[in-house]
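The values are calculated or read from the model by the stated rules, or taken from the named source; none is laboratory data. Treat the numbers as computed from the prediction; the structure is a model and nothing was measured. Virtual Cβ from ideal backbone geometry, glycine too; neighbours counted across all protein chains shown.
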Amino acid sequence: MRYTIPMMNCAIAVSFIVICVHLRESNEVEELRRLPPLGRSMRQEFFMKDDYIFLNHGSYGTYPRDVQKGLREYQERAERDPDLWFRKDLKPEHTKVREMLAEVINADAEDLVLVPNTTGGMNAIFRSLVFAAGERILHFNTVYGSMGSIIQYLVDYSNGAISKLVFNVTYPISNDVFLQQFETFLNETEDPEQPIRIALIDHITSVPGVVIPIERIIPLLKLRNITVVIDGAHAIGQVPIDVKALDPDYYITNCHKWLYAARGSAVLYVAKKHQPFVHPGFINAGYSQPAKLQDEFYWTGTMDFSPYMSIPAALQFRRDAGGEEMIMQYNHNLAYFGGKVLASAFKTEVLQYKNQIGSMVDVRLPVDNPDNPKLTNGWWVNEQLTKHPETFSPAYKHNGRWWVRVSAQIYNDLSDFEVCAKHFLAICNELNGSQNTTTDNDDNPNTESNVNSFAHVTLFKDN
Ligand SMILES: Cc1ncc(COP(=O)(O)O)c(C=O)c1O
């Protein structure tokens with residue numbers, strides 16, 4: 001087998017640039033700071049070191065220089081006069097941030113609270129619940145590790161009273177087939193003796209990085225009287241969110257990932273009917289029975305609140321950069337085409353259907369023996385951080401094969417995906433014990449025709 005990297009196809013690059021220019025022109029720009037166009041030149045607005053290609057925004061996020069400025073302003077303000085800050089100024093600033101986020105996700109500000117991260121918010125939701133004997137908690141096999149642990153903890157400490165139910169999804173799969181399978185699963189597992197009390201559903205799963213059609217899943221669950229918690233850790237800034245239209249019971253999303261706020265900032269929505277029963281993970285002086293959402297979640301102990309206060313700067317940067325729609329479309333298109341670049345270099349396939357791609361794409365790695373015992377998630381981390389440190393993307397096993405999740409962001413362009421392709425080809429070639437070289441010649445006629453064909457697709461519609 002011979003692995004090659006195709007030349008970046010001009011047609012892809014040109015269509016991509018045309019789309020970006022179109023998006024920028026169609027945006028009304030008023031009183032905005034002039035930023036470089038999206039792509040490589042946007043790197044100067046961020047902190048990444050020059051010799052590093054950052055293609056893993058999905059894991060921890062990173063913020064632009066403007067956001068650091070905003071963050072530090074609030075930190076300095078707090079230190080200049082701590083009493084003034086904590087006793088008087090913090091609360092109105094905190095309220096302002098909730099109001100801004102309410103606009104972004106179309107929710108009422110009084111139904112939103114700020115929490116440091118999704119893990120904290122999810123603990124608050126699940127550990128506030130009082131379960132009846134026999135009740136079950138539903139989640140997918142693709143649940144994020146810490147969220148799965150919260151559910152396992154509840155089951156373990158329930159003295160056998162409650163249990164969990166796992167829906168297994170195997171990718172690649174279209175949304176229609178996935179939804180049919182899920183509905184069948186709900187029907188087949190229905191048991192009045194063991195009702196499903198609550199379901200934890202990701203808006204965008206972590207690995208693989210798939211956008212889940214929650215607007216179609218939520219009604220299926222509500223119809224069966226199942227409380228719906230949406231883990232939107234990856235969602236804000238990556239896909240539009242309309243809480244009022246979705247109408248979940250709980251929704252939580254990290255502002256420190258795709259929104260560009262500082263780490264330690266997330267927003268939790270709690271539907272009004274649940275608010276009297278939800279307490280934060282850290283019980284504090286605001287505790288009352290029934291609970292008052294805003295009183296309890298506002299002060300969860302002394303801490304640095306400035307990550308929350310970095311959210312306005314992040315939102316301003318996004319307006320300056322071209323706005324929500326333009327950022328999301330750029331990242332989506334880059335992930336889509338970047339996935340094609342990787343799949344054609346690896347001679348493998350992309351995991352997602354186009355309507356399952358937000359700003360992340362998952363591609364199968366060219367591993368000859370996926371069951372090689374030395375292969376673990378940690379092995380891939382170590383291999384990249386030590387021997388191949390030019391870039392990094394998380395690799396993981398799904399459905400018996402190894403995949404990599406790559407994030408697209410406004411400071412990336414398609415050439416970064418070519419670096420990623422070379423990086424993984426080098427690792428896989430070493431792993432496979434092959435002498436295959438990477439070349440700029442694409443000698444695969446099928447790949448060539450694929451590349452040409454997607455230069456002509458309608459870019460803003462799902463195929
Ligand atoms: C789907 C999902 N849920 C939850 C989390 C946890 O987020 P945090 O570490 O901010 O609590 C992550 C983190 O990547 C995630 O991908």
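Do any helices (runs of 4 or more DSSP H) lying entirely in the stretch 297-407 carry at least 3 residues that are under 23 Å from Ala233 (Cα atoms) and in contact (Cβ under 8 Å) with a residue 12 or more places away in the chain, and which ones are they?
Here the list reads 306-309, 311-320, 324-346.
Check whether at least one residue in the stretch 46-68 is outside the structural domain of Ser407 (by TED's automatic domain parsing), more than 16 Å from the ligand (Cβ to nearest atom), surrounded by 15 or more Cβ atoms within 10 Å (Cβ to Cβ) and closer than 22 Å to Thr300 by Cα, and report yes or no.
Looking through the stretch 46-68, none of the residues is outside the structural domain of Ser407 (by TED's automatic domain parsing), more than 16 Å from the ligand (Cβ to nearest atom), surrounded by 15 or more Cβ atoms within 10 Å (Cβ to Cβ) and closer than 22 Å to Thr300 by Cα.
Answer yes or no as to whether Pro312 is away from the ligand (no atom under 15 Å from the Cβ) and either at positive phi or surrounded by fewer than 18 Cβ atoms within 10 Å (Cβ to Cβ) (or both).
No: the conditions fail for Pro312.
Here is a check on your reading of the model: is Asn254 surrounded by 14 or more Cβ atoms within 10 Å (Cβ to Cβ) and among the polar types (S, T, N, Q)?
Yes: the conditions hold for Asn254.
Residues are listed down the side, and each one gets a yes or a no for (1) more than 21 Å from Thr170 (Cα to Cα); (2) crowded, with 16+ Cβ neighbours inside 10 Å; (3) hydrophobic (A, V, I, L, M, F, W, C):
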position	(1), (2), (3)
Gln356	no, yes, no
Asn382	yes, no, no
Thr386	yes, no, no
Thr391	yes, yes, no
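In this structure, is Leu220 over 21 Å from Asp111 (Cα atoms), away from the ligand (no atom under 16 Å from the Cβ), hydrophobic (A, V, I, L, M, F, W, C) and in contact with a helix residue (DSSP H, G or I) (Cβ under 8 Å, 6 or more places away or on another chain)?
Considered against the rule, which asks whether it is over 21 Å from Asp111 (Cα atoms), away from the ligand (no atom under 16 Å from the Cβ), hydrophobic (A, V, I, L, M, F, W, C) and in contact with a helix residue (DSSP H, G or I) (Cβ under 8 Å, 6 or more places away or on another chain), Leu220 comes out as yes.
Conditions: (1) touching a residue at least 24 places away in the same chain (Cβ under 8 Å); (2) within 16 Å of the ligand (Cβ to nearest atom); (3) within 16 Å of Leu114 (Cα to Cα); (4) not in a strand (DSSP E or B). Phe282 meets all but one. Number of the miss?
Every listed condition holds for Phe282 apart from (1).
I need the full set of residues from the stretch 105-125 which are among the hydrophobic types (A, V, I, L, M, F, W, C) and surrounded by fewer than 20 Cβ atoms within 10 Å (Cβ to Cβ), in order please.
Ala109
For the stretch 267-291, enumerate the residues that are surrounded by 17 or more Cβ atoms within 10 Å (Cβ to Cβ) and touching a Phe, Trp or Tyr at 6+ places or on another chain (Cβ under 9 Å).
Val267, Leu268, Tyr269, Val270, Ala271, His274, Val278, His279, Pro280, Gly286, Ala291
What's the total number of residues in the stretch 105-129 that are in contact (Cβ under 8 Å) with a residue 12 or more places away in the chain, in a loop (DSSP other than H, G, I, E, B), of a type outside the set (Ser, Thr, Tyr) and away from the ligand (no atom under 16 Å from the Cβ)?
Residues flagged as in contact (Cβ under 8 Å) with a residue 12 or more places away in the chain, in a loop (DSSP other than H, G, I, E, B), of a type outside the set (Ser, Thr, Tyr) and away from the ligand (no atom under 16 Å from the Cβ) within the stretch 105-129 amount to 3.
Can you pull out the residues in the stretch 146-177 that are in contact (Cβ under 8 Å) with a residue 60 or more places away in the chain and within 16 Å of the ligand (Cβ to nearest atom)?
Met147, Tyr171
Which one of Val210, Val239, Val228 is crowded, with 24+ Cβ neighbours inside 10 Å, in the same structural domain as Asn168 (by TED's automatic domain parsing) and within 16 Å of the ligand (Cβ to nearest atom)?
Val210
So which residues in the stretch 242-253 are within 16 Å of the ligand (Cβ to nearest atom) and in a loop (DSSP other than H, G, I, E, B), if there are any at all?
Hit for the stretch 242-253 is Pro248, nothing else.
Identify all residues within the stretch 154-180 that are surrounded by 15 or more Cβ atoms within 10 Å (Cβ to Cβ) and farther than 13 Å from Arg136 by Cα; write none if there are none.
Those that are surrounded by 15 or more Cβ atoms within 10 Å (Cβ to Cβ) and farther than 13 Å from Arg136 by Cα: Val169, Tyr171, Pro172, Ile173, Asn175, Phe178, Leu179.
Output yes when any residue across the stretch 121-133 is at positive phi and not assigned by TED's automatic domain parsing to the domain that holds Pro394, and no when none is.
No: zero hits.
Out of Leu84, Leu71, Leu38, which single residue is more than 26 Å from the chain's Cα centre (by Cα), away from the ligand (no atom under 16 Å from the Cβ) and modelled with pLDDT of 95 or more?
Exactly one residue qualifies, and that residue is Leu84.
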